[in-house]
Amino acid sequence: MNETASASMKKFLPLILATSIFMQMLDSTILNTSLPSIAADLQESPLDMQNAIISYVLTLAVFMPVSGFLADKFGTRRVFMAALIIFVLGSIFCAMSQSLNQLVLARVVQGLGGSLMTPVGRLALIKTFHKNELVQAMNYAIVPALIGPVLGPLVGGYMVDYLSWHWIFLINVPIGLLGIILSLKYMPEYNARDTHFDLKGFLIFAGASLFLSVALEMFGNTTHTTLILLVFILGFLLIY
């Protein structure tokens, strides 16, 4: 916990975290309503378009465990801003995609940025606020972000009908730029002198997260329940 955090930093830090969470939640829900339109434009099967969602989820699952190490090694501000920049670039690449393969790769870039944003932002929040202030700060950060899933389908439907599906990704650009500008001034820089990366633990946890995420994604998209169960059990065993 930082005893010397300025009042302005404490005022804007929850807003910065809320911006990143809102952007992620909006992006996750806005895509679902737009998949048929994207599939028609890219001349792909709507079922195959699920790969654009799965690739993002899997990237989150694999790289989220490394966020704490990167924050300790390079500093919370640097990693958080890098995550925002990567997410915004991934959004631009998604809008520029001319094929499903390009869209999937762009979603992987988005997932890489998304896997670092929320954990690092939450870490900065925990280190900045006292225990008696933390719950209120978390509420300020999380409650506005809950609007994202509500607005996602509405905004996505409007953009597809009146603009084009490209805008469901480009909408992240101004939101991300706002987060970057605020982070430059108000995101604290915390790091640790002694950092050790547990490669074995990372690989095991990342593998477990990967298998569990695959099982959950396959659950609603296939009738091969035995395969799903085996993948889920394998992921569960890796955790323990």
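For the stretch 20-36, the criterion of being more than 21 Å from A82 (Cβ to Cβ), surrounded by fewer than 17 Cβ atoms within 10 Å (Cβ to Cβ) and either modelled with pLDDT of 80 or more or in contact with a Cys (Cβ under 7 Å, 6 or more places away or on another chain) (or both) is met by at least one residue. Determine if the stretch 94-116 includes at least one residue that is of a type in the set (A, V, I, L, M, F, W, C), in contact with a Gly (Cβ under 6 Å, 6 or more places away or on another chain) and crowded, with 17+ Cβ neighbours inside 10 Å. So far as the stretch 94-116 goes, yes, one or more of its residues are of a type in the set (A, V, I, L, M, F, W, C), in contact with a Gly (Cβ under 6 Å, 6 or more places away or on another chain) and crowded, with 17+ Cβ neighbours inside 10 Å.
Among the residues making up the stretch 97-124, those that are over 17 Å from the mean Cα position of the chain (by Cα) and touching a residue at least 12 places away in the same chain (Cβ under 8 Å) are S97, Q98, S99, L100. The single condition among (1) over 30 Å from A71 (Cβ atoms); (2) modelled with pLDDT under 80; (3) under 20 Å from the mean Cα position of the chain (by Cα) that V160 does not satisfy is (3).
Residues that are outside any helix (DSSP H, G or I) and touching a Lys or Arg at 6+ places or on another chain (Cβ under 9 Å) were ranked within the stretch 163-209; the one that is modelled with the highest pLDDT is M187.
The values are calculated or read from the model by the stated rules, or taken from the named source; none is laboratory data. Just so it is clear, the model here is predicted, and its values are computed rather than measured. All Cβ positions, even for glycine, are placed from backbone atoms using ideal geometry, and neighbour counts span all protein chains on display.
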